[in-house]
Amino acid sequence: FEHERDGVVILNPDGSVFEANPKGAAMLGCSAEQLLAMHVADWDATHDRAQLQALLDGLGSEGRFFETVHRRRDGSTYAAEVSLSTAEWGDRRFIFMLMRDISERKAVEAELQRYRHDLERRVEQRTQELHARSEQLAAIFSLSPDGFVSFDGQRRVVFANQAFLQ
């Protein structure tokens, strides 16, 4: 628990913090003591308090896995991956929350999307240029007074202009 590389926060059913590991506190930019006085709504920047309570109340034995945005104590944010599961200890119910900062992964995904979009744009542009060039050549060969004919690899005629046919 103390040396887990992900943030671990154990919540009470109302969303208040029962316990947290040092990594969880560090991810949120606060001390472990400060985190113990917080509610999950204090750092989840995507959901409001009512949405979070509904999420916690509806949490079944299968748990829940989702992406969200977390707000640090200084106001900065980061993309987070959250895994929620319930735990029973004695007669008490707790919510076990694993938090992982995925901002680097999101940045890489965004960069890949930009590259993909740029590549698609370049292919489309080049295809249009080749199509325009092909139309120009077809017009030149069709209107030329000289005869033109072209063959494929099996020596079949694939193009003959009107001058050649005459």
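If you line up the long axis of helix 103-143 against the longest principal axis of the chain, both from Cα atoms, how many degrees apart are they, to the nearest 10? With both axes taken from Cα atoms, the answer is about 10 degrees. Label zone (Ala41, point 7 Å along Cα-to-C-beta; backbone nitrogen cut-off 18 Å) within the stretch 1-20: 11-18.
Compute the length gained on full extension between Ser144 and Gln51: take 0.36 nm times their separation in residues and subtract their Cα-Cα distance, giving the result in nm to one decimal. Spell out each step's value before the answer.
On the way: separation 93, 0.36 × 93 = 33.48 nm, distance 7.28 nm.
Gain on extension, Ser144 to Gln51, equals 26.2 nm.
For Cα extents along the principal axes in Å, the listed values are (i) 90, 37, 26; (ii) 72, 34, 30; (iii) 97, 34, 32; which was obtained by calculation from the structure presented? The value matching this structure is (iii). The loop-placed GluC sites (Glu not before Pro) in the stretch 25-74, going by DSSP, that have at most 11 neighbouring Cβ atoms within 10 Å of their Cβ come out as Glu62. In a fully extended conformation the segment linking Asp14 and Glu104 would gain 29.3 nm over its present Cα-Cα distance, using 0.36 nm per residue.
Considering only DSSP states other than H, G, I, E and B, which trypsin sites (Lys or Arg not before Pro) in the stretch 1-101 qualify as loop sites with at most 10 other Cβ atoms within 10 Å? List each step's numbers first, then the result.
Working: sites: Arg5, Lys23, Arg49, Arg64, Arg71, Arg72, Arg73, Arg92, Arg93, Arg100; in loops: Arg5, Arg72, Arg73.
Answer in residue order: Arg5.
Tell me what the chain gives for mean residue ellipticity at 222 nm when only DSSP H runs of n ≥ 4 count, each as -39,500 (n - 2.57), the sum divided by the residue total, rounded to 500 deg cm²/dmol.
That calculation yields -12500 deg cm²/dmol at 222 nm.
The stretch 101-126 and the stretch 62-83 have Cα centres separated by 23 Å.
Percent of accessible area on the chain owned by carbon and sulfur, 1.4 Å probe?
Whole-percent figure for carbon plus sulfur exposure: 53.
On average, how much accessible surface per residue is there in the chain, in Å², for a 1.4 Å probe, leaving out ligands, DNA and RNA? Don't skip to the end; give the middle numbers.
Values: 11070 Å² over 166 residues.
Per-residue value: 67 Å².
The values are calculated or read from the model by the stated rules, or taken from the named source; none is laboratory data. Just so you know, these numbers come straight off a predicted model, no measurement behind them. Cβ coordinates were reconstructed from backbone atoms using ideal geometry, including for glycine residues, and neighbour counts include every protein chain displayed. These area figures cover heavy atoms from the full protein model, side chains too; ligands, DNA and RNA do not enter into them. Shrake-Rupley method; radii C 1.70, N 1.55, O 1.52, S 1.80 Å.
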